[in-house]
Amino acid sequence: MPLIPQTVREQVTNQIRNDLLSGRFPAGTMLREIELAARFGVSRGPVRDAFIQLSHEGYLAYQANRGVMVRHPPDPRDREFITELRLKIETYVIERGFEDKNEEKINSVELALERLKEACDSGEASQVAIRDIEFHQKILLACGGDDLVPTWRQLCSRMLLTYTRLGDYSQAYKEHVAIFEPFRDGDMKKTIAAIQANIK
């Protein structure tokens, strides 16, 4: 079914991202512009733009003379290291900019928490994964971490390719409430401790 012209690029990108997170395209799969364009009922341009965006996010990789490939999840031996890097970035940004957040930014984090709850209630793993990362990103942005977000997202996207909570989405939501409440109340140490408990 053709997509709405005003938001073609965003819709195509979001759908491909959902497909990647839900396992529709296994690691190593070569994605073809023409095939996806036919599926979405769009020209190849929005699909090409989506490939670029998702490559920047870390989900896809360009292979010389081959095209675009779904990236492999990190080796289990590397996952702990990637997790530590992610934690270091989040901790650094929060410590540096915790006092700079304002009511508007706090509200943006709360809205992300509400979206995460909706995803958890739906039970769709791909949406839970996306909203999980959106919540953490809003905290980074609230603390002035704009410059580090692209690097951070690359790390997160690799982890999301193997995202699983074993269906216990209510626990996932509770862990993020435990992050938001001290964040809202101005307790930096408890915020960081809750993030560490959630990510590890």
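The values are calculated or read from the model by the stated rules, or taken from the named source; none is laboratory data. Quick caveat: nothing in here was measured; it's all calculated off a predicted structure. Ideal geometry is used to build each Cβ from the backbone, glycine not excepted, and the neighbour counts take in all protein chains shown. Protein only, heavy atoms only, side chains kept; ligands, DNA and RNA dropped before computing areas. Shrake-Rupley method; radii C 1.70, N 1.55, O 1.52, S 1.80 Å.
Taking Lys and Arg as +1 and Asp and Glu as -1, the other residues whose beta-carbon sits under 14 Å from that of residue 81 total +2. FRET efficiency for the residue 82 to residue 102 pair, using the beta carbon distance and R₀ = 22 Å, is estimated at 0.10. What does the charge add up to near residue 34, with Lys and Arg as +1, Asp and Glu as -1, over the other residues with Cβ less than 12 Å from its Cβ? Cβ neighbours under 12 Å give a net charge of +2. The relative contact order of the chain, computed from alpha carbon pairs under 8 Å that lie at least 6 residues apart in sequence, is 23 percent. Nonpolar atom fraction for the chain, defined as the carbon and sulfur part of the 1.4 Å probe accessible area, stands at 49 percent.
Translational diffusion coefficient of the chain (Stokes-Einstein, Kirkwood radius from Cα pairs, 37 °C, 0.692 mPa s): 184 µm²/s. Per residue, the chain exposes 54 Å² of accessible surface when a 1.4 Å probe is rolled over the protein heavy atoms with every protein chain present.
Hey, how many Å between the Cα centroid of region 50-112 and the Cα centroid of region 185-200? Taking the Cα centre of each part, region 50-112 and region 185-200 sit 18 Å apart.
Of the residues 106, 144, 83, the one whose Cα sits farthest towards the positive end of the charge dipole of region 27-178 is 83 (charges of +1 on Lys and Arg Cβ, -1 on Asp and Glu Cβ, taken about the Cα centre).
Placing unit charges on the Cβ atoms only, positive for Lys and Arg and negative for Asp and Glu, gives region 84-172 a dipole magnitude near 320 debye about its Cα centre. Each Lys and Arg adds +1 at its Cβ and each Asp and Glu adds -1 at its Cβ; summed about the Cα centre, the chain shows a dipole of about 740 debye.
Using a Förster radius of 35 Å, what is the FRET efficiency between residue 187 and residue 115 based on their Cβ-Cβ separation? Nearest 0.05, please. Walk me through the numbers on the way to the answer.
Working: r = 23 Å, r/R0 = 0.67.
That pair, residue 187 with residue 115, gives E of 0.90.
Rg/Rh for region 15-120 to two decimals, with Rh computed the Kirkwood way over all alpha-carbon pairs.
With Rg and the Kirkwood Rh in hand, the quotient comes to 1.07.
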